[in-house]
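Structure, as structure tokens:
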Amino acid sequence: MVEVILSYPSLHAVFWHRVSHALWKARVPLIPRLLSQLVRWFTLIEIHPGARIGRRLFIDHGAAVVIGETSEIGDDVLLYHQVTLGGTSTRKEKRHPTLCDNVIVGAGAAVLGAITVGEGARIGAGSVVLRDVPPHATVVGVPGRVMMIEGKPVAPPESESFMPDPEAQAIKALADRVAALESEIKAHHPGRPDRAEIPQPVEDFLHGAGI
């Protein structure tokens, strides 16, 4: 217990956030922001005093975690290092995400904008999430795509691919080029067998990317 109290930056950051948040709600000037910056200096965890945090938030390792002003975090949420709960606007409005209970956000993930991540959802490491996430879903990739709900694979609608995915586009371009070359070969050598199918893992990736 003494080791936890003395050496866990997550515990320190959340405790002092409770203090700064109370001062923020009481409209005490300057002190809440100074306190949050001081805690950031010692823990490498930046939590804006205006953020609302539920019970038992745990930030594993803690380094480079940023939680924005209008963020809302439910109970029993787990954040890994380098997670960003960021905004996409500078206006004085709800502009940061809401994480419901039992959400896990992997290392290096960014959840941006006034979106909601449903209860029990899992955000994969390095993902960039820009849209609402349904409860018990697993999201991976840039942009973040829902790959599973309650442990069952799902195919996202084509409209979900609203942001360019360079990796998927490169694979599709290669697949199209292979198809064109095989068509040319078949035209010059009619006796050759038909074009082989794209390997199933590639098909699954392209389908998951909405391509």
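Every number in this text was worked out from the coordinates using simple rules, so none of it is lab data. As the structure is a computational prediction, the values presented were derived from the model and not from experiment. FYI the Cβ positions are ideal-geometry reconstructions off the backbone, even for glycines, and counts take in every protein chain you see.
Points to keep in mind about this one:
- Judged by the ratio a/c of the largest to the smallest principal axis of the C-alpha gyration tensor, the stretch 27-78 counts as oblate, that ratio being 1.5 or greater while a/b is no larger than b/c.
- Cα-based Rg / Dmax (Å) for the stretch 2-160: 15.7, 52
- FRET E, pair A125, R40, Förster distance 25 Å, beta-carbon r, rounded to 0.05: 0.65
- Long-range HN-HN contacts of L57 with modeled amide H, under 5 Å: D76, V77
- Where Rh is the Kirkwood radius over Cα pairs, Rg/Rh for the stretch 66-128: 0.94
- Rounded to the nearest whole Hz, the Karplus-based 3J(HN,Hα) values (6.51 cos²θ - 1.76 cosθ + 1.60, θ = phi - 60°) of the stretch 130-138 follow the sequence 10, 10, 4, 10, x, x, 6, 9, 10, with x at glycine and proline.
- Summarising the amide proton neighbourhood of G87: residues at separation of 5 or more, or on other chains, whose placed amide H is nearer than 5 Å comprise G113.
- Across the stretch 2-160, the mean sequence separation of Cα contacts (distance under 8 Å, 6 or more residues apart), normalised by length, yields a relative contact order of 12 percent.
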